[in-house]
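Throughout, read-outs are computed from the coordinates displayed, never taken from laboratory work. Because the structure is a prediction, the values reported are computed rather than measured. Counting neighbours? That spans all protein chains shown, and the Cβs are built from the backbone with ideal geometry, glycine included.
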Amino acid sequence: MFNISVLYDAGVVGLRIVMPLLAIIIVYQCYAAMRRRRRPEKPLVSLYNPRSGGMIPVVFWENSIGRSKSSDIVINDLSVSRNHCVLLRRSAGWFVSDVGSMSGTFVNGVRVNGRAQVLIDDIIKVGSTEYQLKRGNDFNSPLRSDKFFSKVSDKPAIQAWKLMFMITMFHLFMAVEAMFWNDGGNVYSPMILFGALAATEWIFFSVSYFALRRVNFELEALGLFLTGIGVMMLVRQAERSAYVQLAAAGIGIVLYCLIIKFIEDPDRSDKIRLPMMIVSVLMLASSIVLGRVTNGAANWVYIGSISFQPSEFVKTIFIFVGAGALDKLQTKRNLIEFIIYSVVCVGLLALMSDFGTALIFFVTFLLVAFMRSGDIKTVLLPVGAVAGTFGLLSFLAERINFIGDRFNYVLNRFKAYRHVWDYANEAAGYQQVRVLTYIASGGLFGVGIGNGYFKQYFASESDLVFALVAEEMGVIVAIVTALAVAMLMIYARAITTRSRSTFYSISACCAAGLLVVQLSLNIFGATDILPLTGVTFPFVSCGGSSLISCWGLLAFIKAADERTYSIKR
Amino acid sequence: MKRTLRRSTLILLFTIAFIVGIGFFSVELVLGARDWVDQPYNAHISGNGGLEQAGKIMDRNGAPLAETVDGERLYNEDETVRRALLHTVGDNSLNISTAVQSKYRSNLIGYSLIWGLNMPQSLRTSRDITLTVDAPTCAAAYNMLSTGFDEPKRGACVVYNYKTGDVICSVSTPSYDPANPPQIDENNESEYEGVYLDNVMSSALTPGSIFKIVTAAAAIENIPDIYSRSWYCEGTEIIGGHEVHCYNETAHGEIGIKEAMEHSCNIVFAKLAVELGADKMNAQAEKMGINASFKIDDVGTAKGHYQAPGNDENVLGWTGVGQGVGAYEDKVNPMQMAMLCAAVANEGKAVNPTYIQSGTGDVLKDIGITRNQSHDLIDPNTALQLNDILPAYNIGGLTVHAKTGTAEVGDEKRPNAWFVGYSTDSDCPLAFACVVQDAGLGSEYAMPVAEAALETAAQRLRGKM
């Protein structure tokens, strides 16, 4: 009983199978491309010790010098402090900055106060040891290279335009799938949306390639790939939102470029830290004053017909405020200012009942604090404090209505944790069981865009988008998308020592960490692996503020890549 | 810079934790996908969802109970069979959640984790399911429940093989024809009240005298001279300050435990319950699974209820004859009673019943690991003694030991009629439980239903029909 519809159906299924494969190739290529194309392993300058005749390679843009074993340049000299000084490179040249040493740092015999420029052949005296600054080429032995960057080469792993082509094809396939929507509707509207999306993608690519003359585009490509999935998922669910989302992507991309430009000088954060803190606290406060309660959390501000979530933008500022250049971190080592700022932010979010975002801020605070201090106590103490507060609140929630009202939702969720099937028709487990059901219904390859039923549920396009993607495009695509975001952390870590300043490496690691934490809460909260919900899936979830802030955070990772500023095509 | 790299390990740990979490989720997905999919709210399978391609459902002899022909779901050609097996097979909707067509719909329509639920029709593969039930036996029981009395009766009848666990007959009324499901509205909702509920699995009813099996078991285990005792029954007696009476206040005279069971004497069993005390009665009911739910093919039976009061001897006495009141009201579930009888017949072990012969894709079951699981409900020695004191009957060529029950339910309704027991024939080892609500004497209402089912079952199993 051969039937022509079998051929047609086989085509539909074939497309569904091709898409996960393409997604895997795209994400793999993005990261493969990131691993290549960097400057060769050569010291930037070197330090010559005239007395011993030894030569020390200086490989980083910022190098801590001291007696401590964890210093970048270790000097075994009792007159040298554990953290003595920092040798750093800026666009104006090399500088040395004393970070509160006992015996002082001298350049050509003059004691350094703040930063002092060092020229080639100048003598730097650290404790009783003297070094002469030499060019990098004067150091001849080969250096060991990092595992992640083992394939150093001048050739890119894949040409950026090819990568972009694959991404565009993926989004095209999504549009084609959406055309075969079971419910009819406007057959061509997915194609129109795809056209707008593809235009946005290629304009951005052209600007980066031709106008800004950047050599690499993988990070942006990854962002576009994920953003595009989020946009195209909406075409059969809420078409209008798809265009709003695309417009937000445009704003996000502009913000991305602006941030990269803005932080070109890594010392700038130090100068405008205080105003930024004030602005962000005011933004959060404004949503308490002006905000309307939406879905239990008062985190939305409405201006005319435009609504946005200030907390999303504050994420970017939070990272910016937290990071700093190495000599500044070593001079000013207490975290009091940042701790107060964090407590205010988290407190304001908790007041808005936006516990999901508050948790993300809290974890990000831990990451920043640890990256700056390296002291595990800075992690354990706040965790203990928050756990205590949580215990106190759950104790009070039963007794004081004002707290109970805000807190019971959270407690309910804990009650159903790992028992959601017993609460299938109650608020505590309603969303989770439907998420699981529809993920399983989609199978590995999905039911096709538009053919799912999960889209009819509340928050399916935002907090629960993992299930929406899994149902309509299959669990493989959903997991690949998640891993694509998670891998940003591996990448951010791999480029840590190659950043132009600890400002970039700290902000990149923390931005990636924030995204991973947010991703974990999103996926694991929805699938009952963690007892928390209410945050968005980076880049994919519908929500303008969230998407813009994700691009903002991506800018920090881009900035940490030294090629961003130093190499032009 | 090196320090920054080292400290970033903390963030790396978050990422590793995330990847571990994704792995954990994947394992959960692989193990749970089928259960996750079979949910009544799943729009992919509700409505007519997917049945136009679903596999066949057959009874133990291969008779089609439901099959799809040219995209249409057809049920057995005999309307009585259709109605009798409605609660076992199910209909196109998912209204009867315990039915095979609801529980295993994803299986019937060929769900696999790889392809999900929306494979195009032409490429789908479906699976057939073979049940353990016998269609004519079910039809016979249904006929008796719906037409054997002055009016169609609510009730349930379950018969299962206590050696293999195969459910031969499972009928619940009221029922309807799945080929022509009724529109239930304000005018007929009383007629169809509880129609989606499988009384065999999901109801808990007042047991009346059938509960004496539990009281007797407690007495056998705790009163050494139980067989040399005798009681004098005047039909009514004050126990714990209030009256306890036999049915119709019939006086049974001087009787021992065996006669008391045979005549279903309330006075004797109420006294036994009082003598044993609340703690021993509660412990016995607990051991015999009255308050438990048993998992039958992924569905739990309704829990019964037994709770004896420690401070009211009259109520304690009444609970011992299956008639407690208020918070101490006795309840049992028909399937649970069949299992209890199976345990009496099978040296204390109740083999877990099953409706499924093959086809659910349950690998553990197909290779026999989860088949024939059993529950130890009664001490083997006690089971043998219960077998001796339970009245014997000859039904349809089977030697049957059984207990009748006539449970007062109040609300101006007539009593629940019960008949529960088992056959001792080795070629037909059947345990059964029948209940007819708003009826009368167990022997007048429930026994005929059991007779109809057992007679047909015996003939079918012995190959005479």
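Observations, loosely collected:
- Selection of trypsin sites (Lys or Arg not before Pro), the range A:402-502, meeting DSSP coil and at most 14 other Cβ within 10 Å: A:Arg418
- Each Cα pair under 8 Å and six or more residues apart adds its sequence gap; the mean of these over the residue count of chain B is a relative contact order of 16 percent.
- Extension gain (nm, one decimal) between B:Asn222 and B:Glu286, 0.36 nm per residue minus Cα-Cα: 21.5 nm
- Local electrostatic count at A:Asp77 - Lys and Arg +1, Asp and Glu -1, tallied over other residues with Cβ under 12 Å: +3
- Cα long-axis angle, helix B:442-461 against chain B (0 to 90 degrees, to the nearest 10): 50
- Rounded FRET efficiency, nearest 0.05, which uses the C-beta distance separating A:Gln132 from A:Leu78 and R0 of 25 Å: 0.70
- Set B:Lys331/B:Lys403; A:Lys134/A:Lys261; A:Lys271/A:Lys328 screened for pairs whose C-alpha atoms are more than 21 Å apart: A:Lys134/A:Lys261
- Whole-number D in µm² s⁻¹ for chain A, Kirkwood Cα-pair radius fed into Stokes-Einstein, 20 °C, 1.002 mPa s: 84
- Beta bridges by DSSP in chain A, antiparallel share as percent, to the nearest 5: 95
- Dipole orientation for the protein assembly as shown: of the candidates B:Asn311, B:Val214, A:Gly93, A:Gly93 has the Cα lying most toward the positive pole (charges on Cβ; Lys, Arg +1; Asp, Glu -1).
- Average other protein chain Cβ within 10 Å of Cβ, residues B:29-42: 5
- Helix-derived mean residue ellipticity, 222 nm - over chain A, DSSP H n ≥ 4, -39500 (n - 2.57), to 500: -18500 deg cm²/dmol
- Across peptide A:501-509, the mean count of Cβ atoms from other chains lying within 10 Å of each residue's own Cβ comes to 3.
- Principal axis dimensions, largest first and in whole angstrom, of the protein assembly as shown by Cα: 124, 70, 57
- Charge tally around A:Ile360: other residues with Cβ under 15 Å, Lys/Arg +1 each, Asp/Glu -1 each, net -2.
- Relative contact order of chain A, pairs being alpha-carbon contacts under 8 Å that are 6 or more residues apart, as %: 16
- Gain upon complete extension [A:Phe262, A:Glu426; 0.36 nm per residue less C-alpha separation]: 54.2 nm
- Inter-site label distance for A:Val344 and A:Asp375 at 7 Å from Cα along Cβ, in nm: 2.3
- Shielding of peptide A:490-500 by partners, expressed as the average count of other chain Cβ atoms within 10 Å per residue Cβ, is 3.
- If R0 is 51 Å, the Cβ-Cβ spacing of B:Ile114 and A:Ala285 corresponds to a FRET efficiency of close to 0.50.
- Exposure rule at most 11 other beta-carbon atoms within 10 Å, DSSP loop GluC sites (Glu not before Pro): chain B longest free segment: B:190-411
- Longest site-free stretch - chain A; sites: chymotrypsin sites (Phe, Trp or Tyr not before Pro), DSSP loop, at most 13 other Cβ within 10 Å: A:189-457
- Cβ-Cβ distance of A:Val207 and A:Ser566, R₀ of 22 Å, FRET efficiency by 1/(1 + (r/R0)^6): the value works out to about 0.70.
- A straight chain from B:Val69 to B:Glu408 at 0.36 nm per residue would run longer than the Cα-Cα distance by 117.2 nm.
- Radius 13 Å from Cβ of B:Ala179, net charge of other residues (Lys, Arg +1; Asp, Glu -1): -4
- Helical mean residue ellipticity (222 nm; -39500 (n - 2.57) per DSSP H run of 4+; nearest 500) of chain B: -10500 deg cm²/dmol
- Sequence-distant aspartates and glutamates (8 or more away, or on other chains) whose Cα lies within less than 12 Å of B:Lys2: A:Glu62, A:Asp72
- Mean Cα-pair separation over length for the range B:143-207, i.e. relative contact order, pairs under 8 Å, 6 or more apart, %: 27
- Amide H to amide H, with H built 1.01 Å from N, B:Trp115 comes under 5 Å of A:Leu444, counting only residues 5 or more places away or on other chains.
- Exceeding the 30 Å Cα-Cα cut-off - candidates A:Lys42/A:Lys558; B:Lys103/B:Lys280; B:Lys212/B:Lys295; B:Lys153/B:Lys349: B:Lys103/B:Lys280; B:Lys153/B:Lys349
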